[in-house]
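Working notes for the structure below.
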Amino acid sequence: MAFTTLAHHIDIDRLKEAYRRTRKDGAVGVDGQTAQDYAVDLEGNLRSLPDRAQSGRYRAPPVRRVHIPKGTGSETRPIGIPTFEDKVLQRAVAMVLEAVYEQDFLDGSYGFRPGRSAHQALDALWRRLMDVGGGWVLEIDIRKFFDNLGHRHLREIPSRRVRDGVLLRLIGKWLDAGVMEDGCVTHPESGSPQGGVISPLLANAYLHEVLDEWFEHTVKPRLKGRAHLIRYADDAVLVFELQDDARRVLEVLPKRFGKYGLTLHPEKTRLVRFQCPGRDTSREDRPGTFAFLGFTHYWGRTLRGGWAVKRKKAKDRFNRSLKSAVRWCREHRHLPIREQWVALTSKLRGHYAYYAIIGNMARVASFLYHVRRAWRKWLSRRSNKGRISWERFGELERRYPLPPARLRGVRQVT
């Protein structure tokens, strides 16, 4: 069923809620307007916005493109930054479309959905792996996903569920708005700016048709064994009970994605034998490992001597996080001690909130250990005579203690 009238839901109350949900400290768009500037006449701005959107007078400004480091190398990821008003309107439209698509999205989809998180995706994957005894895992890596989303498909896919001319026109305007970089505006024929508020929802709807529905309704009925799909945004893994099923899907997957203008990374898309090790498994016959959402998944022994799927922070993610923390200590070593402590405490708690899970506590503790060493090292270089001994650093830590590594969900006493 397609909805023909939805624009009336974008009223002043929904725009106020969209404004409340929009970050006020984010980077500014091409117009340079901050959230504080917009709030000077907030009521007037929000009241005029639905009129301009529904009458067609609203003009979507181009997004400002910046590049952020993608990893430890020189590769960067382009990020699009809309104007603040554009963020508010995109948020309101996304809230309306979200109510529609939440009825369609399948259980295996977890990214950018209300009430769902990356940890839920990891837990679901763990249950599926244990259910089939590991089986065969197909890692999927889509090359430059947000840059290669076809505009024709981005218009067609929403129109199957939403036939409201106002919303479809707004989506078209955002796709055609262009990108400003180094003072020049370009109009790519494909892609949805990563960083735009509406982009995650459009990307989810895109992959819902390209992968989720196709796998659930076309592929699974033709397989001989059990199979499961777990997807978080454009990161996805397929779990198969039988090797033949996995190889058949791997053969047709590039054609399926190519039909929608997407390509799979030839090196990062791979099939992994992940079967549970036997009692007499030799080193050569041990199952492989794979990474998903920042964790390396592998088979390990439990305390009772059995086998179970375990997870630890991927080595490249660990190195990237540690280099970032060390770089921060170096660049901010001249700040007052208390300011450094507040910032490092926040960084560590953010790290624990995601990575402090069962099976990964050794790496979490290692991260804290190396952060402490880096902090002492760069505090010692505040001056030529400022070397801090470990005894003196211990006294400093008693006054400014860094939070200890604890499992997620365990309350920390400060």
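The values are calculated or read from the model by the stated rules, or taken from the named source; none is laboratory data. Predicted model only: the values in this text are computed from it and were never measured. FYI the Cβ positions are ideal-geometry reconstructions off the backbone, even for glycines, and counts take in every protein chain you see. The area values use the complete protein model at the heavy-atom level, side chains included, leaving out ligands, DNA and RNA. Shrake-Rupley method; radii C 1.70, N 1.55, O 1.52, S 1.80 Å.
Odds and ends about this structure:
- Percent accessible area from carbon and sulfur atoms, segment 110-184, protein chains only, probe 1.4 Å: 49
- A straight chain from Asp141 to Asn384 at 0.36 nm per residue would run longer than the Cα-Cα distance by 82.6 nm.
- Dipole magnitude of segment 185-283 about its Cα centre (Cβ charges: Lys, Arg +1; Asp, Glu -1), debye to nearest 20: 480
- For Asp244 and His332, a Förster radius of 56 Å and the Cβ-Cβ distance give a FRET efficiency of 0.50, rounded to the nearest 0.05.
- Taken as entire DSSP H runs, the helices of the chain never both span 30 Å or more between Cα atoms along their own long axis and average -1.0 or more on the Kyte-Doolittle scale.
- Under the convention that each Lys and Arg Cβ holds +1 and each Asp and Glu Cβ holds -1, the size of the dipole of the chain around its Cα centre is about 2280 debye.
- Remark on Val162: its backbone amide H falls under 5 Å from those of Phe3, a criterion applied only to residues 5 or more positions apart or on other chains, H modelled at 1.01 Å from N.
- Within the chain, helix-based [θ] at 222 nm, where runs of 4 or more DSSP H residues each add -39,500 (n - 2.57), nearest 500: -13000 deg cm²/dmol
- Solvent-accessible area per residue in segment 158-276 equals 46 Å², computed with a 1.4 angstrom probe and all protein chains kept.
- Compared with the alpha-carbon gap, the fully stretched path from Arg127 to Arg273 is longer by 50.8 nm at 0.36 nm per residue.
- Gain on full stretching of the segment that runs from Met361 to Ser117 - 0.36 nm per residue minus C-alpha separation: 85.8 nm
- Apportionment of accessible area to carbon and sulfur, segment 334-414, percent (1.4 Å): 52
- Sites Lys70 and Ser346, calculated FRET efficiency, Cβ-Cβ separation with R0 30 Å, nearest 0.05: 0.80
- Cα centroid separation - segment 51-126 against segment 151-171, whole Å: 16
- Take the Cα of Arg304, step 7 Å toward its Cβ, do the same at Ala2, and the gap between the two points is 5.5 nm.
- Computed on protein heavy atoms with a 1.4 Å probe, the accessible areas place Glu391, Glu397 in the order Glu391, Glu397, largest first.
- When the chain is treated as a Gaussian network with alpha carbon springs shorter than 10 Å, the biggest mean-square fluctuation among Tyr232, Tyr206, Tyr369 belongs to Tyr369.
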